Amino acid sequence: MFTRSQVGLAHNYRLRATPQNFLTMPNHRRISRGLRTTALVTMIWLPIFTAYAQLPSYGVGLVPSPEEIEAWDLTIPPDGEGLPTGSGTATLGKAIYMNRCASCHGKNGGDSKYYLLVGGQGTLATDKPVPTVGSFWQFPTTLWSYMRRAKPIDEPGSFNSDQVYSVTAYLLYLNDIIGKDDILDATTLPQIRMPNRDGYVPDPRPDVVNTSESPN
Ligand code: HEC
């Protein structure tokens with residue numbers, strides 16, 4: 001025989017076990033779990049948002065003008081896109097080199113007492129590689145870009161376009177890549193083929209995607 005309360009329990013149990021109740025119970029739990037999560041997220045983020053909204057404005061900083069962006073946008077890609085007007089020759093570049101470069105790179109760039117810029121061709125695959133403009137650099141445009149950005153070392157970025165073309169021409173001339181009076185400008189510079197143009201291999205790392213097009 002069942003007592004009254006035992007019958008009540010069994011009755012309750014059966015009630016819960018109806019398909020309808022099975023469906024509603026988990027839903028009910030899911031809703032309350034959702035509410036708890038929302039409350040928790042609000043509790044954590046609300047003070048952060050509030051604090052952020054209360055940050056003082058210092059009134060500093062300006063939106064850069066197109067001219068300012070242009071002044072910073074200095075990189076010249078291998079194909080020479082963006083090279084400015086202007087021109088130069090090795091003859092003109094020699095004077096600049098003697099004044100601003102020779103103290104660190106030697107009179108002709110090829111004296112190993114100094115930081116070498118000339119020579120070394122054919123040494124890269126040997127036990128004693130000598131990387132220089134002539135043996136190592138892949139594109140003349142990259143050299144131009146580097147001259148504009150980084151040189152002269154004590155006043156980087158101060159050369160005008162003619163001076164950059166000229167000093168680049170002098171380095172190429174010292175490396176027997178162009179003639180003394182060949183004119184370098186936005187059209188002729190990208191056409192120069194560096195001796196080590198084909199000495200590079202694509203980066204094999206799987207996460208490195210090379211999207212640049214080879215110009216020559
Ligand atoms: C005060 C010394 C100093 C002067 C002056 C100087 N350089 Fe340099 N140059 C360096 C040093 C150091 C490096 C290597 C480190 C670096 O890249 O900054 C270098 C690197 C270079 C490179 C890269 C070489 C390579 O293959 O990696 C070139 C090209 C170059 N200089 C050209 C010039 C030219 C052209 C001038 C004159 C306009 C000049 N340098 C003036 C010290 C100097």
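Things worth noting here:
- Segment Y200-T123, extension gain: residue separation times 0.36 nm, minus the distance between their alpha carbons: 26.3 nm
- Potential lengthening between I44 and T142 on full extension [0.36 nm per residue; Cα-Cα distance subtracted]: 30.3 nm
- Counted by neighbouring Cβ atoms within 10 Å, the residues D198, D127 run from fewest to most as D127, D198.
- Ordering T132, T126 by the number of other Cβ atoms within 10 Å of each residue's own Cβ, fewest first, gives T126, T132.
- Placing a pseudo-label 7 Å from each Cα along the Cα-to-Cβ vector at A51 and A95 gives an inter-label distance of 6.2 nm.
- Set of the stretch 134-148 residues, backbone N closer than 19 Å to the point 7 Å along the Cα-Cβ line of E81: 139-146
- Reachable lysines from K180, criterion Cα separation under 26 angstrom, eight or more residues apart if same chain: K94, K107, K113, K151
- Exposure proxy ranking, count of Cβ atoms within 10 Å, fewest first, for R205, R149: R205, R149
- Distance between the stretch 126-169 and the stretch 42-85 - C-alpha centres, whole angstrom: 29
- The length gained by stretching the chain between Y114 and E67 to full extension, at 0.36 nm per residue less their Cα-Cα distance, is 13.1 nm.
- Working from Cα pairs under 8 Å separated by at least six residues, relative contact order for the stretch 96-216 is 22 percent.
- Reciprocal mean inverse distance between Cα atoms of the stretch 66-191 - Kirkwood radius, Å: 14.8
- Cβ-Cβ distance of A102 and Q191, R₀ of 25 Å, FRET efficiency by 1/(1 + (r/R0)^6): the value works out to about 0.30.
All of the numbers you see were taken from the coordinates with simple rules; none came from a lab. Here the structure is a predicted model, which is why all the values come from computation and not from measurement. Reconstructed Cβ throughout: ideal geometry from the backbone, glycine too, with neighbour counts over all protein chains shown.
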